[in-house]
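A short write-up of the structure that comes next.
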Amino acid sequence: MPASYGVESCDPRTLLRRHLGYPAFRPGQEELVRAALSGHDALGVLPTGGGKSVCYQVPALASAGLTLVIAPLISLMEDQVARARRCGLRAAHLSAAQPRRERDAVLARLRVRDHGLDILFVSPERLDVPGFPELLRAGGVALVAVDEAHCISEWGYDFRPAYRKISRIRGVVRAPVLALTATATPRVREEIIASLRLRDPVLVVRSFDRSNLSWHVRGARSHAHRISTIHGEIQGRAGSAIVYAPTRRTVEAVRDALAGYGLSVAAYHAGLDGGRRSAVQEAFLSGASRVVVATNAFGMGIDKADVRAVLHYQLPSTLEAYYQEAGRAGRDGAPARCVALHHRHDRRLMKAFVDRSRPAPARLAALHAHLLRDPGAGRAQWMDADALAGTMHFDGARGALVALRALERAGGVRVLNGTDSPREGSYRVRVGVRATADLAGAGRLREAGLAKVAAVLRFARTRSCRRKALLAYFGESAPRTCGSCDRCLRTATRVFP
């Protein structure tokens, strides 16, 4: 029977061998596990494939209390529930996409004293659901783990503001917090520690260097040129491959083009229904499908050993995202290639992403002035996000909502809640407008986003070793040359400036 934290009879190494089947901890894991077991906050930065889930599975096995894991994606939660159950943990997850009966069953278990759960996976948004924090207070939470903690910095300012509110859990449960990620620069580590209010945390940062990966950036003149390059990288190469593309439309176009070459290839993006996404993921993991073309919605938490190549149709707008996605190659330690395609026009697309996700202060000021001119500005009111987007020239309802959230951070509005409108395809949000807004913070966030784009462009155009350039970005020194990237081998095609 699992013991409470700090009980020596539940030796972590014994639990690791007995329940997970591993002979020993990987570097960094045991230090994080023992920090959690002794009640200390901790931040672990372990490379992709470094076994971050072990760092909360072993404490869950050792404790009579509940381990709460905050994760970003439903697919990741479902995968981690399956893994936890395989090692003997009583595991469940909660999400809005679950059938109501299944969700209610999990909530009902939390309401009873001996709820029969060792580990529960939730999204950060779940912490804002009325009544849920009270269930946690009564549920005997022994550890809070924040998986993919870099999302606090990457998504918390715009798309997923709930990430900036996770620290509220500290006022609900008295338990150590363990933050885990594979990609965090020194600045992002400080941001995670501050946002989660980690108290004198144990900090474990393993090397970002994965010597089995070779890094390449190749010039791309056109869509057809990108397709032929991707096909050339995949054709005749053993193992599996992931191709990342920036939009759903591009994913479909790349999938169709590669299928035209006779490849067995599937598409994955958020526009597919849940059943289809699960089927694509399962086919890839089982080996039934060798190639997946996907947006960045695919791959977080995917544990597939034989991915021999990860290709990017276009570099992402941050090196954190690129390292995270490309790092899904070669998890078995065997050689693998990470190839990104790049053209000078890509810079415009990267900047457009920053424009959408972190609007310029002038745009927010114009939005605030527009809202103040409304006769009902003095009271909370419902707004149609699509109509607001049309008036203010935002990129659809999502662009309007992102701008409202940015204005909320500046103190200009309060976004109270939202609901699907009876009119199909529209979205309504309830907003309270305030008289003043401090937009300096919005300007700093925007500049930080543009700085990340500049770092990606420097990486693409560097004439020195690409491994050295990547490691330097993450605050790590490296040998002068790696001997395996395109710059060291001097075989790169021209990357357009």
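The values are calculated or read from the model by the stated rules, or taken from the named source; none is laboratory data. Keep in mind that what you see is a predicted model, and the values were worked out from it rather than measured. Ideal geometry is used to build each Cβ from the backbone, glycine not excepted, and the neighbour counts take in all protein chains shown.
Quick rundown of the values:
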{"item": "Residue in segment 357-372 that is closer than 30 Å to ILE230 by Cα, modelled with pLDDT under 90 and not β-branched (Val, Ile, Thr) present", "result": "yes"}
{"item": "Flag if VAL141 is in contact with a Gly (Cβ under 9 Å, 6 or more places away or on another chain), closer than 23 Å to ALA42 by Cα and either of a type in the set (Phe, Trp, Tyr) or buried (at least 16 other Cβ atoms within 10 Å of the Cβ) (or both)", "result": "yes"}
{"item": "Any hit, segment 204-221, residues being of a type in the set (Lys, Arg) and either without any contact (Cβ under 8 Å) to a residue 12 or more places away in the chain or in contact with a Phe, Trp or Tyr (Cβ under 6 Å, 6 or more places away or on another chain) (or both)", "result": "no"}
{"item": "Condition check for ARG344: of a type in the set (D, E, K, R), surrounded by fewer than 22 Cβ atoms within 10 Å (Cβ to Cβ) and at pLDDT below 90", "result": "yes"}
{"item": "Segment 357-379, residues that are surrounded by 16 or more Cβ atoms within 10 Å (Cβ to Cβ) and under 34 Å from the mean Cα position of the chain (by Cα)", "result": "SER357, ARG358, PRO359, PRO361, ARG363, LEU364, ALA365, LEU367, HIS368, LEU371"}
{"item": "Selection count where residues are at pLDDT 90 or above, assigned to a helix (DSSP H, G or I) and under 21 Å from ILE302 (Cβ atoms), scope segment 47-76", "result": "4"}
{"item": "Residues being over 16 Å from the mean Cα position of the chain (by Cα), charged (D, E, K, R) and either under 18 Å from GLY51 (Cβ atoms) or buried (at least 20 other Cβ atoms within 10 Å of the Cβ) (or both) - total across segment 183-205", "result": "0"}
{"item": "Identity of the residue in segment 414-434, assigned to a loop (DSSP other than H, G, I, E, B) and modelled with pLDDT under 65, that ends up surrounded by the most Cβ atoms within 10 Å (Cβ to Cβ)", "result": "SER421"}
{"item": "Of all residues making up segment 470-485, the number that are on the phi < 0 side of the Ramachandran plot and assigned to a loop (DSSP other than H, G, I, E, B)", "result": "10"}
{"item": "Out of ALA108, ALA71, ALA64, sole residue that is assigned by TED's automatic domain parsing to the domain that holds ARG34 and closer than 22 Å to ILE193 by Cα", "result": "ALA71"}
{"item": "Among the candidates PHE298, PHE284, residue that is in a helix (DSSP H, G or I) and buried (at least 23 other Cβ atoms within 10 Å of the Cβ)", "result": "PHE284"}
{"item": "Residue, surrounded by the most Cβ atoms within 10 Å (Cβ to Cβ), within segment 390-413, restricted to residues that are in contact (Cβ under 8 Å) with a residue 60 or more places away in the chain and either outside any helix (DSSP H, G or I) or among the aliphatic types (A, V, I, L, M) (or both)", "result": "ALA406"}
{"item": "Residues located in segment 212-243, provided they are at pLDDT 95 or above and either in contact with a Pro (Cβ under 6 Å, 6 or more places away or on another chain) or at positive phi (or both)", "result": "none"}
{"item": "Segments classed as strands (runs of 3 or more DSSP E), wholly inside segment 212-269, with at least 1 members that are among the β-branched types (Val, Ile, Thr) and in contact with a Leu (Cβ under 6 Å, 6 or more places away or on another chain)", "result": "240-244, 265-268"}
{"item": "Filter result for the condition that a residue is of a type in the set (Phe, Trp, Tyr), crowded, with 22+ Cβ neighbours inside 10 Å, at pLDDT below 90 and in a loop (DSSP other than H, G, I, E, B), over PHE208, PHE159", "result": "PHE208"}
